[in-house]
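Q: Structure in structure tokens, see below.
The values are calculated or read from the model by the stated rules, or taken from the named source; none is laboratory data. Quick caveat, the model's predicted, so the values are computed rather than measured. Neighbour counts run over all protein chains shown; Cβ positions are idealised from the backbone, glycine included. Accessible surface areas use protein heavy atoms only, side chains included; no ligands, DNA or RNA. Shrake-Rupley method; radii C 1.70, N 1.55, O 1.52, S 1.80 Å.
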Amino acid sequence: MHAGELTLPIRVAAESQPNFEELMAAHQQRVLRTAYRLLGRMEDAQDAAQEVFLRLLRNMDRLDGDPAAWLYRVTVNVCNDQFRRKLVVVDAPERADQQPRADHLIEMDERKALLMAGLATLAERERAAVVLRDIEGLTTREVAVILGVEEVTVRSQICGARMKLAKYVRGAR
Amino acid sequence: MTCSECQVQIFDGQLDRDAVVHLTACDDCHELDREVRLNASALASMREDVLPVRRARRWPWMVAVAAAALMLVWSNTKPVVVPQPVAVVQPEPVAAALPVPVKPVRVRRARPANPAPPAEPLLVKFFSDDPDVVIYWLVDPVQGEQAL
Ligand SMILES: [Zn+2]
């Protein structure tokens, strides 16, 4: 190490922002996964996740309450903005292994691919509600808090989303 | 119970007794219920799926977060610039009886005896969780900063 060199881990802001690294480590997979399901493409999801964590960094001192709920909310907002800005292309499903698979697993993969494509056809509120409720496994109440709406509204959005997804999958098969 | 009433409960995921009875008698609703359950199962399993890797895209992600973090550190550690003292040279005293036009006051900036040597550029090294990826950040106090 020569004079003037500092060796810093990626938690460079740890002194001024004591919880940033922990929050990022704890939530980056969740944020990336949610963004991927909302946007359908990993490259777009990575852009969105980057924006989410930059916003987290800027708002660390104002963060109040459950950071997971805050991060979900910001992720949904960032993804909705991104979704509106450009034509979203859904990734083809990837498989790490190329071993022969049972029919029911192939059928499951096909269904997932259709559902991912179907998600892109939903209204953004429905898409956010169904991703948080059915993929992320949050309760209706938690989704309502994150989206800032009543529980009854979330239930209605989820019912609408499930109906459209069922129609989409049936129509595509 | 009508098919429409039953379908509302199918999509809501909560079937009452009447809806369950309807499913046993109505093939359409029974098939829709099966389809919605399979969709729910597929959606729930996505939570555990390994996300597709886009390795090349890690660079802008990491660099942007590193840059933002660096900007915070840099703005917090930037030295406070103290203004140079200003020397005021007073005019010579003159006799009050003589109507001499008043000279404007000359203000002269004091110069430092020895100018400070140029600051060494600061090299910041970021380690990531990927052993193949190390980001070097060269910060020139005059010119700005540059990623290597
Ligand atoms: Zn029916």
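Q: Looking at (1) modelled with pLDDT of 80 or more; (2) farther than 26 Å from A:Val169 by Cβ, which is the one condition that is false for A:Arg33?
A: Going through the list (1) modelled with pLDDT of 80 or more; (2) farther than 26 Å from A:Val169 by Cβ, A:Arg33 breaks only (2).
Q: On to the next question. When you scan segment A:130-156, how many residues do you find that are over 15 Å from B:Gln7 (Cα atoms) and within 12 Å of chain B (Cβ to nearest Cβ)?
A: Residues in segment A:130-156 being over 15 Å from B:Gln7 (Cα atoms) and within 12 Å of chain B (Cβ to nearest Cβ): 12 in total.
Q: State all residues of segment A:38-58 that are basic (Lys, Arg) and either open to solvent by less than 40 Å² (accessible area, probe 1.4 Å) or part of a helix (DSSP H, G or I) (or both); if no residue qualifies, say none.
A: First, pick out the residues of segment A:38-58 that are basic (Lys, Arg): A:41, A:55, A:58.
Scanning segment A:38-58 gives A:Arg55, A:Arg58.
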